[in-house]
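Trainee: The structure's right below; bear with me while I get my questions together.
The values are calculated or read from the model by the stated rules, or taken from the named source; none is laboratory data. Every value quoted in this text rests on a predicted model; they were computed, and no experiment measured them. Neighbour counts are summed over all protein chains in view; Cβ atoms, including those assigned to glycine, are modelled from backbone coordinates with ideal geometry. To get the accessible areas, we keep the full protein, side chains included, count just its heavy atoms, and leave off ligands, DNA and RNA. Shrake-Rupley method; radii C 1.70, N 1.55, O 1.52, S 1.80 Å.
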Amino acid sequence: GTDTSELLDDYEEGTWTPAISGGTLTIDSIESAKYVKIGQFVHIECYIRTDTADGDTTHMRISGLPYASSHYGTGASINKGNTGGSELDNPHFRFSPNSTIINFYKDFKQTNIQQSDIHGDHIIFSGTYSTTS
């Protein structure tokens, strides 16, 4: 376009550092954690491998998003390996408003994924959220 309102004036891409929030589960390796920000929208992709957290009932949460989410948003693209945790029915996540934290759920009833559900697995997820930054 030729109008100044049609010009792309806010574009950024880079990497981010996911971290598990609380509990005993740790990230064994970060295979990939990238983002693209266009205007007020941020698209993230992440692939991590986790260590062991047998019996830990702490809600699975990942922090470290590159920008705080402006409101609840839902990401639906999750792939979880089955090397140590339990099977999940319709796993998904939600961005916490005004925060850099993602909350993971087992099903659409918002049943928390516990750290013991994922331990020893790999998790691949992507999603898009809005930010005020």
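Trainee: Restricted to the range 96-125, and to residues that are free of Cβ contacts under 8 Å to residues at least 60 places away in the same chain and of a type in the set (D, E, K, R), which residue is surrounded by the fewest Cβ atoms within 10 Å (Cβ to Cβ)?
Mentor: Per the criteria, the residue is Lys109.
Trainee: Which count do you get for residues in the range 24-56 that are under 21 Å from Asn98 (Cα atoms) and open to solvent by 40 Å² or more (accessible area, probe 1.4 Å)?
Mentor: 7
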